[in-house]
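Since the structure comes first, as C-alpha cells, the remarks are kept for the end.
The values are calculated or read from the model by the stated rules, or taken from the named source; none is laboratory data. Quick caveat, the model's predicted, so the values are computed rather than measured. Cβ placement follows ideal geometry from the backbone for every residue including glycine, while neighbour counts extend to all protein chains displayed. Heavy atoms of the whole protein, side chains included, go into the accessibility calculation; ligands, DNA and RNA do not. Shrake-Rupley method; radii C 1.70, N 1.55, O 1.52, S 1.80 Å.
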Amino acid sequence: MTRRGRHNPADDCPGLFDEVEGRVAPSPGVAFPTHPDIEDYARRVRLSGGMSRHSGDAGELPFGPIVVKPVPNKIMFMSFGSGSSGNCSYIGDTKSGFLIDAGVDPKTVAEGLAAYKIPMESVKGICVTHDHSDHMRFAYALLKKYRHMALYCTPRALNGMLRRHNVSRRLKDYQVNIYKEIPFAIDNFTVTAFEVMHDGSDNVGFYVEHDDRAFAIATDLGCISERVDYYMRRADYLMIESNYDLNMLRFGPYPEYLKARIQNVNGHLDNKVTARYLADIYTERLRYVFLCHLSHDNNSPEVALEESRGSLVAKGLKVGTGTNAPGDAGCHLQLVALPRFDCSPLYILRPVSR
C-alpha cells in the first residue's frame, strides 16, 4: 500500500503489449519499439523503495503479484502481387498462416515473408479462389517445394485447374475438398468459402475468422451478389476488387469482346461500384479496406483510391492511407491499393477498443 498522495511507481507501468492497431511493420531488420520486460520493471520498483511496509520479503512488490495479460490477438496480412499478372496474399497470426491464391512464384513469396522473419514452414496451405491462371499457376510449384502445405479448393475448382491448364495431376494429392458455406479450420483460423460471380469454373471468396474478428476476401467478381454482401458486412477487414475505370476501359485499346466480358455480371468490378458499396456498408467495425486486382491498362492506384476515398469522405468519414502517417491516427478506416507486381508491407491488424 502507499500513502495518499505518494507516488507509486506501479502507475508508470505501460501495457506490455500496447501497440497501434493496423500499424505497418517496419522495414526488415528493424524491430518494433518494445516496453521494458516485466522482470526489469520489478527490479526497478524494488530499488525505488516502492515495497509494502508490511511486506516481510524485500522482493515483494507493492501492488501484489504481477498478472501478465494474454497477448492481444492479431492478424498479419501481406500481398505479393495483385492483378492479372498474378495474385497471392498471406493471412496469419504469431503461430501460422496460409496463402490466398498462388499466382506468384514461390521465390517471391518466400522472400517476401522471410523479410519479416516468417518461415515458409508456418504457412499451412493455399486457399484458391478459382481456376484462372493468374490465381493458381504456381500452386503445384509451391506444394511440391513445401510438402507440408495443403491445397484448399472446391472439387469443381480442382477439376477446372486440371482441365484448363498444363499442370501435374499430382496436384490432387495435396488437395483438401472444401464446400461453399461450410467452415473449415486452418490452425487458429476458421475459413468459410462463399459464392462470387465470375467466369471461372467455380468461384469463391473467403471469410476468415480469428477470435472475435473477421477478414473478407472477394477478388474477381462482376457484381456484389447477396452472398458477397452477407459476408462483407460482417468483416473488420476487407480485400475487395476495384478493377477498372469505366471511361478508361471504354476508350482503351481492348477489343470489344474483352470490354464486354469485363463489364459483364460475371466479369470484374468498376471502381464506382466498389466505391459506392464501401460507403453503403461502412460501420464502426470496418477498420481496413484493401483494394485489389487493379487493371494495368484500365485503372491506376491513384484513380481507384480517389474514387473510393471520395465516396467514403462524402459520407462524413475520415480516411487514412494505411501507412502509419501522422494523419492516419484517428481515422475511421484505412484505405490501401495493393501493388500489382510488388510485395506490400506486412500489415499488423490488432483489435481496437471501441
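A few remarks follow.
- Residue check for Tyr254: assigned to a loop (DSSP other than H, G, I, E, B), touching a residue at least 40 places away in the same chain (Cβ under 8 Å) and either within 30 Å of Ser96 (Cβ to Cβ) or of a type outside the set (S, T, N, Q) (or both): yes
- Residue list for the range 210-229, restricted to those being over 23 Å from Arg340 (Cβ atoms) and small (Gly, Ala, Ser): Ala214, Ser225
- Leading residue by the ranking (surrounded by the fewest Cβ atoms within 10 Å (Cβ to Cβ)) among those in the range 260-285 that are touching a residue at least 12 places away in the same chain (Cβ under 8 Å) and charged (D, E, K, R): Glu284
- Just one of (1) β-branched (Val, Ile, Thr); (2) assigned to a helix (DSSP H, G or I); (3) open to solvent by 20 Å² or more (accessible area, probe 1.4 Å) fails for Val228. It is (3).
- A Cβ distance below 9 Å, combined with a sequence gap of six or more or placement on separate chains, defines the contacts here; from the range 294-305, residues that are open to solvent by 30 Å² or more (accessible area, probe 1.4 Å) reach no residue that is of a type in the set (Phe, Trp, Tyr) and part of a helix (DSSP H, G or I).
- From the list Ser201, Ser242, the lone residue that is in contact with an Asp or Glu (Cβ under 7 Å, 6 or more places away or on another chain) and of a type in the set (S, T, N, Q) is Ser201.
- Taking residues in the range 195-222 that are farther than 18 Å from Leu278 by Cα, and partners anywhere that are assigned to a strand (DSSP E or B) and among the hydroxyl-bearing types (Ser, Thr, Tyr), the pairs with Cβ atoms closer than 9 Å and at least 6 places apart or on different chains are Val208/Thr190; Val208/Thr192; Val208/Tyr237; Glu209/Thr190; Glu209/Thr192; His210/Thr190; Arg213/Tyr237.
- Qualifying residue in the range 325-335 (condition: under 26 Å from Val109 (Cβ atoms) and in contact with a Cys (Cβ under 7 Å, 6 or more places away or on another chain)): no
- Verdict on Cys88 being modelled with pLDDT of 95 or more, crowded, with 19+ Cβ neighbours inside 10 Å and farther than 27 Å from Asp297 by Cα: no
- Candidates Leu162, Leu158, Leu113, filtered to the one that is out of contact with any His (no Cβ under 6 Å at 6 or more places or on another chain) and closer than 16 Å to Lys180 by Cα: Leu158
- Hits in the range 311-344 - residues which are part of a helix (DSSP H, G or I) and open to solvent by 40 Å² or more (accessible area, probe 1.4 Å): Val313, Ala314, Pro326, Gly327
- Residues in the range 92-125 that are assigned to a loop (DSSP other than H, G, I, E, B), in contact with a Ser or Thr (Cβ under 8 Å, 6 or more places away or on another chain), buried (at least 22 other Cβ atoms within 10 Å of the Cβ) and of a type in the set (Gly, Ala, Ser): Gly103 alone.
- For the range 126-146, the candidate set comprises residues that are in a loop (DSSP other than H, G, I, E, B), modelled with pLDDT of 95 or more and of a type outside the set (A, V, I, L, M); within that set, the residue that is least open to solvent (accessible area, probe 1.4 Å) is Thr129.
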